[in-house]
Amino acid sequence: MAYSDKVLDHYNNPRNAGSLDRNDPNVGTGMVGAPECGDVMKLQLKVNPESGVIEEARFKTFGCGSAIASSSLATEWLKGRTIEQALAIKNTDIVSELSLPPVKIHCSVLAEDAIRAAINDYKRKTAPGAEGR
Amino acid sequence: MKLAVYMDNHATTQVDPRVLDAMLPYFREEFGNAASRNHVFGWKAEEAVEKSRKQVAALIGAQPKEIIFTSGATESDNLAIKGVAEMYSERGKHIITCLTEHKAVLDCCKKLEKQGYRVTWLPVEPSGRIDLERLQAAITGETILITLMYANNETGVLHPVSEIGRIAHERGVLFHCDAVQAVGRVPVNVIDENIDLLSISAHKIYGPKGVGALYVRRRNPRVQLTAQMDGGGHERGMRSGTLNVPGIVGLGEACGICQREMAEETIRLKGLRDRLKARLEASLDEVYVNGTMEHRLPNNLSMSFAYVEGESLLMGINDVAVSSGSACTSATLEPSYVLKAMGAGDDLAHSSIRFGLGRFTTEEEVDYVAGRVTEVVRKLRELSPLYEMAREGVNLKNYQWTAEGQ
């Protein structure tokens, strides 16, 4: 199977690979997928509490090159967005940016799921009465 | 050293130059039809075919008349399984096979199942081998055929073929063996091992693609087959169609070379394979060999690299040709059915790489491949959330995975 240049670029030079402190109250962590399915994505974002803007994003992915590229791209897109803007990222945007073939669309779906899971985690943490969780 | 490095010799092999040299005259001046009985062109072609028949037979301990030339092992498997099923259907309609067989065997059995035959699909042990007691227990008065491979194409694991053959003969059941990966790499003897039908492919043993053979026993018992290809009655009526003379000459020469050089080649390949394994195990933790090392082809190493997905590993070592048991490479998204049947766990099945060494593999290539794999596995583990969790002491087996986001 031939990979698109953009997938290769993200695979060879992953953006924002790594982890943020999951105990930081401003960090939301999303983990989606399962090892037996061959894909696990961990996506983290750190929100500036003053501005509500995502100032940092990190990922770690177990999966094929397209899964790695999808999550790498997602972190790139997350930075500088507000939570609302981040929720507007759709898997189809990732598919077209990376020119993913039909068999790899699930990678983009997983990346979108990871974004939502991270945002949900952040919202849970910052919801009123969530102190100490 | 020339890149890319080819280490996928279970998929196919490079034609040995000696094989090609033997074939070339049969494309040029000796182009006759082996079935032309009344002129010299036909005689020369027939002579060449008969020489090949002897070479193939000699490699597996058979008689030349017991060799039927085909277009390859898929056809040989089809002819053996469907041909026996059709010929012996009045005696019984039960066939025994195994979950880790090649698709050519599995799909023949599935088709027969649809046609009213009963098929027993034996499981395998974690070693990759079948349990002989289960085989014994599966045989009934209705059983007409046991079809089990000699060596697995993914893991290189060898079934206990002699014991299977002995059981089959004791119980009066025919034994077909798909020996595509084994012939030419380990000693195979159809008499000693009580094999009644045996499939061979040329392109796995440094011969050309598009040609293979089926051994069909003529004595004790005399095996009969219903032909699957009707026509001019070539190959004792079992396989009509003008013989692929250059291909058959290539298969014969390939078998001859294997017979002469197998002992030496085995030692060399085993040495290189063990070197590859040792290097990978020395430089990486949590690497697992799939299946038993004790009963395995000398040129195979099937290994899982925990926390790393196979396809992403292949992508990183793009100047090395190997194959992945992970099947993100196929449209099904299912990991290797062979490794799953061995109980590897889907996560390790997704992390497996098959290294297939061959006649032209060098020590320099082995070292290069070990180095590249190490480098890419390390890089991908740094990217892997599973590796991070494992290092933090999280038990990945008990973790609540969410297949979808919340």
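A few comments on the model shown:
- Relative contact order of region B:17-258, defined on C-alpha pairs under 8 angstrom at six or more residues apart (%): 28 percent
- Residues of region B:31-58 with amide N under 19 Å of the 7 Å Cα→Cβ point at B:D192: B:55-58
- Cα pair distances in region B:239-388, grouped into 5 Å bins until the bin that holds the longest one, percent each: 2, 9, 16, 19, 17, 13, 10, 8, 4, 2, 1, 0, 0
- Above-threshold pairs, the threshold being 28 Å between Cα atoms, out of B:K2/B:K51; B:K2/B:K103; A:K104/B:K379; A:K123/B:K340: B:K2/B:K51; B:K2/B:K103; A:K123/B:K340
- Estimated FRET transfer efficiency (B:T12, A:R22; beta-carbon r; R0 35 Å; 0.05): 0.15
- Residue order, fewest to most surrounding Cβ atoms within 10 angstrom, among B:R222, B:R129: B:R222, B:R129
- The helix-based estimate of mean residue ellipticity at 222 nm for chain B, built from -39,500 (n - 2.57) per DSSP H run of four or more residues and divided by its residue count, is -12000 deg cm²/dmol to the nearest 500.
- Part-to-part distance (alpha-carbon centres) for region B:153-224 and region A:71-125, which is given in Å: 52 Å
- Peptide A:60-73 has a mean of 6 when you count, residue by residue, the C-beta atoms of other protein chains within 10 Å of its C-beta.
- With Cα atoms as the point set, region A:5-125 shows a radius of gyration and Dmax of 13.2, 41 Å.
- Peptides A:119-126, A:52-59 ordered by average Cβ neighbours within 10 Å, highest first: A:52-59, A:119-126
- For region A:28-79, the convex hull drawn through the C-alpha positions has a volume of 52 cubic angstrom per residue.
- More than 14 Å apart - percent of Cα-Cα pairs taken over region B:85-147: 54 percent
- Share of alpha-carbon pairs per 20 Å distance bin for the protein assembly as shown, given as whole %: 21, 43, 27, 8, 1
- Relative contact order computed over region A:1-126 (Cα-Cα under 8 Å; 6+ residues apart), in percent: 31 percent
- Value of relative contact order over chain B, rounded to a whole percent, pairs C-alpha under 8 Å and six or more apart: 21 percent
- Label zone at A:T126, where the point sits 7 Å out along the Cα-to-Cβ direction: region A:79-102 residues whose backbone N lies under 18 Å: A:79-89
- Annotation: the residues A:S72, A:S4, sorted from fewest to most other C-beta atoms within 10 Å of their own C-beta, follow the order A:S4, A:S72.
- Residue mean of other protein chain beta carbons inside 10 Å, B:379-391: 5
- Ranked by how many other beta carbons lie within 10 Å on average, peptides B:296-308, B:186-198 from highest: B:296-308, B:186-198
- Taking max minus min of the alpha-carbon positions on each principal axis, region B:17-258 gives extents of 56, 36, 29 Å, largest first.
- Per-residue Cβ neighbour rank within 10 angstrom, fewest leading, B:L280, B:L24, B:L348: B:L24, B:L280, B:L348
- Among the residues of B:312-319, the average count of other protein chain beta-carbon atoms within 10 Å of the residue beta-carbon is 4.
- Region B:264-305 and region B:108-148 have Cα centres spaced 30 Å apart.
- Its Kirkwood hydrodynamic radius, worked out from the mean inverse distance over all distinct Cα pairs, puts chain B at 22.4 Å.
- In terms of packing, defined here as the mean over residues of other Cβ atoms within 10 angstrom, the peptides B:78-85, A:25-32, B:374-381, B:229-236 line up highest first as B:78-85, A:25-32, B:374-381, B:229-236.
Since every read-out is calculated from the coordinates, none of them should be taken as a lab result. Here the structure is a predicted model, which means the values were calculated and not measured. We place every Cβ from the backbone using ideal geometry, glycine too, and count neighbours over all the protein chains shown.
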